[in-house]
Amino acid sequence: MKLDKDIQVAVIGGSGLTALDSFLQLDSHELETPYGATSAPVIEGILADRPIFFIARHGVNHTLAPHKINYRANLWALNQLGVRQIVSTNAVGGIRKDLQAQSIVIPDQLIDYTFKREHSFCADESDNIPHVDFTFPFCNTLRRRIINAANSLDMDIADTGVYGCTEGPRLETAAEILRLEKDGCDLVGMTCMPEAVLARELDISYASVCLVVNRAAGKSEQLISMKEIETCLDEGMKKVFELLQAVVPSLAHLD
Ligand code: HPA
């Protein structure tokens with residue numbers, strides 16, 4: 001494998017990952033975008049001996065709810081900085097039986113249930129309407145690198161899963177989760193869309209590392225509590241971060 005120095009890599013940090021530990025910060029970029037402000041400045045630095053960009057999806061102090069995130073500004077800014085590969089982290093609820101709290105999943109498919117978001121860079125009349133192919137919404141090469149990194153760490157992960165993306169910010173009803181399950185969803189979250197499709201419109205490779213922080217509504221005896229989610233995030237994000245550190249050196253490589 002050869003390193004392609006022109007390929008820039010970014011991590012989009014979700015809930016529980018608003019900053020990276022052991023990240024040597026070199027610069028901070030506050031970009032003006034045609035879509036308004038990004039969630040946070042894009043931080044440029046070194047992780048695991050590799051230059052990367054990092055952005056906190058929910059803002060530095062985690063003040064942006066999933067439906068209020070300016071996904072277009074974030075993706076536009078990363079593209080402007082030359083980013084060609086994105087690994088995102090997403091907290092999710094587990095629907096499939098094996099996806100209990102603290103499980104890590106690398107989804108391979110998604111179903112979009114969001115309905116109120118700016119989901120394309122093509123908002124107005126255009127003679128260049130982006131009917132992008134989205135058969136496989138996550139980049140398989142990136143997914144494989146993440147899965148290989150997990151294997152090298154002996155980390156137990158689920159290497160496939162269908163991510164159902166809901167509008168939020170409320171959690172789902174039990175009936176909604178049953179519907180998602182019947183549709184084929186294995187996990188449910190609120191942030192992968194439109195992020196994944198905006199990356200595709202910009203031809204940026206995109207893959208997600210999902211951390212299960214609760215069983216989805218109706219899938220456990222208890223109601224979902226924020227306390228449970230926060231405890232899970234604290235513990236689980238350490239594993240996610242370990243995985244990121246292991247995968248970053250293998251990114252921007254050509255096979
Ligand atoms: N539903 C939707 N999004 C989520 C959940 C959930 O149960 N847990 C974490 N993000």
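Here, each number is a calculation from the coordinates, and none is a lab measurement. What you see is a predicted model, and the numbers here were worked out from it, not measured in a lab. Glycine gets a Cβ as well: all are built from the backbone with ideal geometry, and neighbour counts include every protein chain shown.
What ranking do PHE121, PHE115 get, fewest neighbouring Cβ atoms within 10 angstrom at the top? It would help to have the intermediate numbers written out before the result.
On the way: PHE121 19, PHE115 9.
Exposure proxy ranking, most exposed first: PHE115, PHE121.
Rounded, prolate or oblate for the range 164-255? Axes are the square roots of the Cα gyration tensor eigenvalues, ordered a ≥ b ≥ c, and the cut-off for rounded is a/c under 1.5. Could you put the intermediate results ahead of the total?
Values: a/c = 2.61, a/b = 1.45, b/c = 1.80.
Oblate.
At 0.36 nm per residue, and after removing the present C-alpha to C-alpha distance, how many nm does the segment from HIS131 to LEU24 gain when stretched out fully? Walk me through the numbers before you get to the answer.
Working: separation 107, 0.36 × 107 = 38.52 nm, distance 3.89 nm.
Gain on extension, HIS131 to LEU24, equals 34.6 nm.
Just to be sure I follow the rule: in the chain, considering lysines 8 or more places apart or on different chains, how many pairs have Cα atoms under 16 Å apart? Spell out each step's value before the answer.
Working: LYS68/LYS116; LYS97/LYS182; LYS97/LYS219; LYS182/LYS219.
Lysine pairs meeting both conditions in the chain amount to 4.
Got a sec? How would ASP159, ASP154 order by Cβ neighbour count within 10 Å, fewest to most? Don't skip to the end; give the middle numbers.
Details: ASP159 15, ASP154 6.
Listed from fewest to most nearby Cβ atoms, that is ASP154, ASP159.
Please work out whether the range 62-208 counts as rounded, prolate or oblate from its C-alpha gyration tensor, where a ≥ b ≥ c are the square roots of the eigenvalues and a/c under 1.5 means rounded, while otherwise a/b larger than b/c means prolate and anything else oblate? Kindly include the intermediate steps, with their values, before the conclusion.
Details: a/c = 1.80, a/b = 1.22, b/c = 1.47.
It is oblate, given that a/c is not under 1.5 and a/b is not larger than b/c.
Give me the distance in nm between label points sitting 7 Å out from Cα along the Cα-to-Cβ direction at ASP98 and PHE115, one decimal.
Here the modelled spin labels are 3.3 nm apart.
Provide the net charge surrounding GLU181, with neighbours chosen by a C-beta distance below 9 Å and charges set as Lys +1, Arg +1, Asp -1, Glu -1. Spell out each step's value before the answer.
Details: positive: ARG96, ARG179, LYS182, LYS219; negative: ASP183, ASP186.
Here the charged neighbours net out to +2.
If r is the Cβ-Cβ distance from GLN222 to ASP159 and R0 is 22 Å, what FRET efficiency results, to the nearest 0.05?
Details: r = 28 Å, r/R0 = 1.29.
Between GLN222 and ASP159 the formula returns 0.20.
Scan the chain and hand back the longest stretch that contains none of the GluC sites (Glu not before Pro) lying in DSSP loops with at most 12 other Cβ atoms within 10 Å.
Details: sites that count: GLU30, GLU32, GLU125, GLU221.
Between the exposed loop sites, the longest stretch runs 126-220.
Taking Cα centroids, how far is the range 176-203 from the range 14-34 in Å?
If we compute the Cα centre of each part, the gap is 24 Å.
If only Cα atoms are counted, what is the Rg of the chain, and what is its Dmax, in Å?
My reading of the Cα-based Rg and Dmax gives 17.2, 52 Å.
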